[in-house]
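Colleague: First the structure, then my questions, so here it is.
Laboratory data are not the source of any read-out in this text; all were calculated from the coordinates shown. Model, not experiment: these values are computed from the prediction. As a convention, Cβ positions derive from the backbone with ideal geometry for all residues, glycine included, and neighbour counts pool all protein chains shown.
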Amino acid sequence: MATNKPFKDYLDEGAVRRLAASLASASPGWAAEPFVRDAVGGLDQLELKARVGRVAEALARHLPADFDEAVEQVLSARPDSRPSADDVASGFAWWPVLRWVQEAGQAHFTTSMRALHALTSQFSAEFAIRPFLVAQPERTLAVLASWVDDPDPHVRRLVSEGTRPMLPWGGHLRRFRDDPSETLALLDRLVGDSERYVQRSVANHLGDIAKDHPHLAVEVAARWKAAGHDWVVAHGLRALVKAGDADALAVLGYAPPQIEVLSFRVSDHVRVGDAATLELLARSTGDDAQRLMIDYAVHHAGAKRRRKPKVFKWARRTLEPGEELSLQRTHSMRRVTTRALHAGTHLVDVQINGVVVATDTFELSEP
């Protein structure tokens, strides 16, 4: 069963040995043990991506020199099914194989595309496809366009995820950051996919586009919303919504709020490790019912100055004319690895439909 161990530990000596056993079963004369010794030397001292590179380099030294022959061995060794969520390790073992394809296969385009198509069901080829998009964009895009209707959802997801302009861990694709039209043509065909797995990638891709081209992202989202793709639109616009983008909020049906804030209070003093309490009381001043998205933003004190605010979700409500809204929540101020905390004055804003309607402060001190 999967555990919470670091990702890098899913690509350990045991994973390399399982991969070697699979490759040897497809080619009985292949010497698995020399490959294992080559691949695992110093492996436990490396971080995840360096481990992937180390094993891929060993594969290049031990697989047949003829790329087509090596791919046949690799594809013959591929398990019949994708690893389950409880078998993470065997999936990670195939990442170095994909790295080997992306590095050794640049001069063997057709064979490489066939390999990535087959292997993405073991571990997503979203990273491996990107060098081909850089080196041979038109040719690779044509292949991806032919995969949009593939029966395997992992292949369909690869079309969207592999072309994301700013894929985490995958580097940026400047061509698509500058002009998203080529990838939007693919997304338009994938947005109605039956699998949420694929839809999520399409939404994340739209979120990437929104970072560079917010107006275009809103325009596309409005078109998709009219076609009934509500979940994809809401997920794809979430960063713009957190930033209070009025056009993005309008696409989701949120107008400027007609609200009177009766009170907003935050705990006066909080110690690191404790929680601040937020209390809001407001009343609708509109003539009609209105949908409200209530968020709050914490402006953390920094070592030298207050930092960029981080927005947190609070609630969603529909208020009738004159109806009051009463909300309370706590906000943890314990230290986490992703956010340093500094003693000092912290500012908290309440945002309703992207508009800041109230502000208060609290003092954070060491325990």
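Colleague: Fully extended, how many nm does the chain gain between GLN136 and ARG335 (0.36 nm per residue separation, minus their Cα-Cα distance)?
Modeller: Numbers: separation 199, 0.36 × 199 = 71.64 nm, distance 4.58 nm.
So the chain would gain 67.1 nm between GLN136 and ARG335.
Colleague: Pairs LYS49/LYS242; LYS49/LYS308; LYS8/LYS304; LYS211/LYS308; LYS242/LYS304; LYS211/LYS310: which exceed 28 Å Cα-Cα?
Modeller: LYS49/LYS242; LYS49/LYS308; LYS8/LYS304
Colleague: On a 0 to 90 degree scale, rounded to 10, what angle separates helix 48-62 from the longest Cα axis of the chain?
Modeller: 10
Colleague: Between ASP188 and LYS308, what is the FRET efficiency for a Förster distance of 30 Å, r being their Cβ-Cβ separation, to the nearest 0.05?
Modeller: 0.35
Colleague: Starting from the Cα of LYS49, step 7 Å toward the Cβ, then list every residue of region 153-171 with an amide N under 12 Å from that point.
Modeller: 167-171
Colleague: Something else: List every residue whose amide H lies under 5 Å from the amide H of HIS300, counting only residues 5 or more places away in sequence or on a different chain, with H placed 1.01 Å from N in the peptide plane.
Modeller: Correct list: ARG307, LYS310.
Colleague: Here's something else I'd like to know. Can you give me the pair-distance distribution of the chain, C-alpha pairs, 10 Å bins, whole percents?
Modeller: Over the chain, the share of Cα pairs per 10 Å bin runs 5, 19, 23, 22, 17, 10, 4, 1, 0 percent.
Colleague: Could you derive backbone 3J(HN,Hα) for region 349-354 from the dihedral phi with the Karplus parameters 6.51, -1.76 and 1.60 (θ = phi - 60°), listing whole Hz in sequence and x where the residue is Gly or Pro?
Modeller: Taking θ as phi minus 60°, the curve returns 9, 9, 10, 10, 6, x Hz for region 349-354.
Colleague: Quick query: amide H of LEU262 versus all other amide H atoms, modeled in the peptide plane; which residues come in under 5 Å with a sequence gap of 5 or more or a different chain?
Modeller: LEU281, ALA282, ARG283
Colleague: Right, here's the next one. What distance in nm lies between label points placed 7 Å from Cα along the C-beta direction at THR110 and ALA227?
Modeller: Going by the 7 Å Cα→Cβ label model, 3.3 nm.
Colleague: Sort region 208-304 into rounded, prolate or oblate with this rule: let a ≥ b ≥ c be the square roots of the eigenvalues of the Cα gyration tensor; rounded if a/c is under 1.5, and if a/c is not under 1.5, prolate when a/b is larger than b/c, oblate otherwise.
Modeller: The shape class here is oblate.
Colleague: Can you tell me the FRET efficiency between ALA275 and ARG174 if r is taken as the Cβ-Cβ distance and R0 is 51 Å, rounded to the nearest 0.05?
Modeller: 0.75
Colleague: Further, regarding this structure: Be a star and scan region 293-326 for residues whose amide nitrogen sits under 15 Å from the point 7 Å along the Cα-to-Cβ vector of ALA234.
Modeller: Within reach of a label on ALA234: 293-295, 313-318.
Colleague: Something else about it: Taking 0.36 nm per intervening residue step and subtracting the Cα-Cα distance, what contour gain separates ALA343 from ALA246 on full extension?
Modeller: 31.6 nm
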